[in-house]
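Have a look at the structure below before the remarks.
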Amino acid sequence: MKKQKKKRRLKVGRLFLLLLILSVISFAFLKTSDIRIMSIVIKGNNILTDQEIIEIANLDDYPPFFTTLSFNVKKKILKNEYVQDVKVSKGILRIKINISEKKVLYIDSKTKNKVTTTGEIKDEKIVCVPYLINEVPKDKKPSFIKGMNKIDDDILCQMSEIKYDPNEIDDDRYYVYMNDGNSVYLTVNKFDKLNKYNTILENVGKQNGTLYLDYGDYFEVK
């Protein structure tokens, strides 16, 4: 009888110890699962602000770190029209978001839509790109889009308006009005030359005029 009681006491003791361990583990899990994200690092964005990205990803209240999954954050951000791709990684109580945005090339003056290499976006967001003030023929549109994509973002921001402006010599000719008051004539195969616009102006000096990049590459003072 004494041996049986001893065995029962041992079994009860082991059960109590097991319950105690499970309670400690559960308590520790609840505590750690409630630990919130301490910092959010965002890189690569230009059009979207950090705050916009945080709100799109539903991270504005800095949710619990362990229950916030990188895959879910990425999925939410990719739904935004300006996002081409995104990489999300986690560190010690930190989430790092690396954004790759679609390049906005110009704004259609008729529709007010923002045109990218992959389509159009209709919203009220301010983006620093020129307005296309007339219609580019359908057969010229692909080369026009390709040419605009070669222009650096900072130069696109310096362009106020662009116009399809063919003449008797070249039907791929365009006219650009710059924010500084200068004008530029160029053909579609020379759009990348605009990336040297600021360097050209340094050589010209503080004068307003017209830069001809279609033929001759020269600057004519007003």
Does the stretch 77-99 include one or more residues that are surrounded by 15 or more Cβ atoms within 10 Å (Cβ to Cβ) and touching a Phe, Trp or Tyr at 6+ places or on another chain (Cβ under 7 Å)?
no
So, in the stretch 125-145, how many residues would count as being closer than 22 Å to residue 190 by Cα and surrounded by fewer than 14 Cβ atoms within 10 Å (Cβ to Cβ)?
7
List every residue pair whose Cβ atoms lie under 7 Å apart, where the two residues are 6 or more positions apart in sequence or sit on different chains, the first residue falls within the stretch 36-60 and is within 16 Å of residue 79 (Cα to Cα), and the second residue, located anywhere, is hydroxyl-bearing (Ser, Thr, Tyr).
47/82; 48/82
Criterion first (in contact with a strand residue (DSSP E or B) (Cβ under 7 Å, 6 or more places away or on another chain) and either over 18 Å from residue 103 (Cβ atoms) or assigned to a helix (DSSP H, G or I) (or both)) does residue 210 satisfy it?
yes
Residues that are surrounded by 13 or more Cβ atoms within 10 Å (Cβ to Cβ), under 22 Å from residue 134 (Cα atoms) and either in contact with a helix residue (DSSP H, G or I) (Cβ under 6 Å, 6 or more places away or on another chain) or modelled with pLDDT of 95 or more (or both): does the stretch 214-221 have at least one?
no
Count - residues of the stretch 62-85 that are of a type in the set (A, V, I, L, M, F, W, C), outside any helix (DSSP H, G or I) and more than 19 Å from residue 37 (Cα to Cα):
1
Long-range neighbours under 6 Å by Cβ, at least six apart or interchain, first residue in the same structural domain as residue 136 (by TED's automatic domain parsing) within the stretch 152-176, second acidic (Asp, Glu):
173/165; 173/214; 174/165; 175/165
Hits in the stretch 152-198 - residues which are more than 18 Å from residue 209 (Cα to Cα), of a type in the set (D, E, K, R) and assigned to a helix (DSSP H, G or I):
153, 154, 190, 192
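Among what's in the stretch 101-124 and is surrounded by 13 or more Cβ atoms within 10 Å (Cβ to Cβ) and within 29 Å of residue 40 (Cβ to Cβ), pick the residue that is modelled with the lowest pLDDT.
Only one residue fits best here, namely 117.
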Looking at the stretch 127-148 only, could you name the residues that are farther than 23 Å from residue 212 by Cβ, within 22 Å of the chain's Cα centre (by Cα) and in a helix (DSSP H, G or I)?
145
Please determine whether any residue of the stretch 96-110 is assigned by TED's automatic domain parsing to the domain that holds residue 176, of a type in the set (D, E, K, R) and over 12 Å from the mean Cα position of the chain (by Cα).
yes
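The values are calculated or read from the model by the stated rules, or taken from the named source; none is laboratory data. Everything numeric in this text was worked out from a predicted model, so none of it was measured. Glycine also receives a Cβ, built like all others from the backbone with ideal geometry; neighbour counts cover every protein chain displayed.
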